[in-house]
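Notes for the one structure printed next.
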Amino acid sequence: MVRGGRRVVWCVAAVLALAGCGRTEVPPERPPAFAGIEDLPEKLGADGTTIMVGDPKAKVKVHLYEDPRCPYCEQFETSGGGPQLRKEIVDRHATAQYTLASFLDDRVGGSGSKKAVNALRAALEEGKFVEYHEVLYLYQPEESVDGYTDATLLKLADQVEGLRSPAFDAAVKSMKYRAFVAASQKAYERAGGSAEPEGPGTPTAVINDKRIPAELGEVLLDGTLFAQLVQQIHANPLEWEHTTL
């Protein structure tokens, strides 16, 4: 992921300015905010790989491509745009879609990414994906350490109330969702298109069908900038649609 430098700062400012220009729409009446992340609806999309979180009627749709072992994904999820995105989802301003990659296992060795993706799919089955996803990034092992073992994944699951069960534990230990893991990795690779056959990089965000390019990666890692962008897209979705990145 490319980040830093005066050009990136200028581009970030340009994106925010373009996203924020024009008239702000008067928001229609909408349902009240969710009580918290534990109350968010979550389900597997029709494609069998996309995990969908939040109110599908929300104006801002953020599709994220992540690998559980990716340190930049950890930065996004813990101190960058992730906490802000969860707040916007709770407020029904945004919805999130996740494609979970596992390419780092092949790149740095081990099976931690695959095991973590499998465990996340098992958590979705229990209606606990959002909470467990947050916990895994809060306690992410070093990228070079194959730290997402069965024992670690089960221990971290203890921090999510109601997640541990015989079914969940068995799914983690047996890699029950290995087919989902493989299909999700393939979906990640397809997202890169012919120009990036190995995938678009992680984290990558596509907001309302518009991909944030790598050179604007600072937007994802700065919580304030990301929150401003999401809020401005929510206020002016048509302006964002016509913004050129």
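The table below lists the values:
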item: Protein accessible area in the chain, 1.4 Å probe - carbon and sulfur %; result: 53 percent
item: Rounded Å value of the spacing that divides the Cα centres of segment 79-135 and segment 43-71; result: 9 Å
item: Computed over segment 107-245, the ratio Rg/Rh where both radii use C-alpha atoms and Rh is Kirkwood; result: 1.02
item: 1.4 Å probe accessible area per residue over segment 151-245, in Å²; result: 49 Å²
item: Mean projection area, nm², convex hull over Cα of segment 40-106; result: 4.7 nm²
item: In nm, spacing of pseudo-spin labels at Ala195 and Ala151 (7 Å Cα→C-beta vector); result: 4.6 nm
item: Dipole magnitude of the chain about its Cα centre (Cβ charges: Lys, Arg +1; Asp, Glu -1), debye to nearest 20; result: 340 debye
item: GluC sites (Glu not before Pro), loop per DSSP, at most 16 other Cβ atoms within 10 Å - longest free stretch of the chain; result: 30-141
item: Candidate aspartates and glutamates - alpha carbon under 15 Å from Lys210, same-chain residues fewer than 8 apart omitted; result: Glu239, Glu241
item: Listed residue pairs exceeding 23 Å between alpha carbons, taken from Lys87/Lys155; Lys114/Lys173; Lys61/Lys176; Lys59/Lys176; Lys115/Lys186; Lys61/Lys87; result: Lys87/Lys155; Lys61/Lys176; Lys59/Lys176
item: Range of Cα positions in the chain per principal axis (Å), largest first; result: 53, 40, 29
item: Axial C-alpha extent at least 15 Å, average Kyte-Doolittle at least 0.5 - helices from the chain (DSSP); result: 6-20, 223-235
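The values are calculated or read from the model by the stated rules, or taken from the named source; none is laboratory data. Computed from a predicted model, the values in this text were never measured in an experiment. So basically every Cβ, Gly included, is an ideal-geometry build from the backbone, and we count neighbours across all protein chains shown. When the accessible area is computed, the model is the full protein with side chains, heavy atoms only, and any ligands, DNA or RNA have been set aside. Shrake-Rupley method; radii C 1.70, N 1.55, O 1.52, S 1.80 Å.
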